[in-house]
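A short worksheet on the structure shown next.
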Amino acid sequence: MRENQRHPLVTPTLRGVHHLALCTDDMKATIDFYVDVLGMPLVHAMKVPPGLGTGPGNRGNPPYERVRHYFFDMGNDSLLAFFEIPKGKEPAGNRNAIGGKGNLGAPPAPCSISLHEKRPPGFSTGATSRPSPALSAMFIVTAYDQT
């Protein structure tokens, strides 16, 4: 297998993920879960400026004007962001579809609460162990559609 190993042109120098942007249709429930349950501080809140949703200046934002876009600090120079899609404007996603998001896996910090007991409706949590030392402990948050 080693003979097929890729050789990158540069050595990775990333410190983390600047942000991963997901969508929600309930920003209050999203804030309640990520701030109050997981302890991720809300560090930036904005509305997408007019023209960036449907206008020529759209850089990949959802196709709606003035939607809220909130950022939560995951630590280690990484942010988790959410666009608030107007309720009822988009169907519930298939998390297994191309471009869908199944879960967010992150190494846990020491914690004294059971997240299984603290999860709000619409969220599933789990912890897993993997044989690889790089993935030896992982906290997983999975959003799912309850309908």
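The values are calculated or read from the model by the stated rules, or taken from the named source; none is laboratory data. Every value quoted in this text rests on a predicted model; they were computed, and no experiment measured them. All Cβ positions, glycine included, derive from the backbone under ideal geometry; neighbour counts span all protein chains shown.
List the strands (runs of 3 or more DSSP E) inside the stretch 29-86, counting only whole elements, that have at least 1 residues being among the polar types (S, T, N, Q). Give the derivation first.
Details: elements: 42-47, 68-75, 78-84.
Those strands (runs of 3 or more DSSP E) span 78-84.
Exactly one of (1) surrounded by 13 or more Cβ atoms within 10 Å (Cβ to Cβ); (2) outside any helix (DSSP H, G or I); (3) at pLDDT 90 or above is unmet by Leu22. Its number?
(3)
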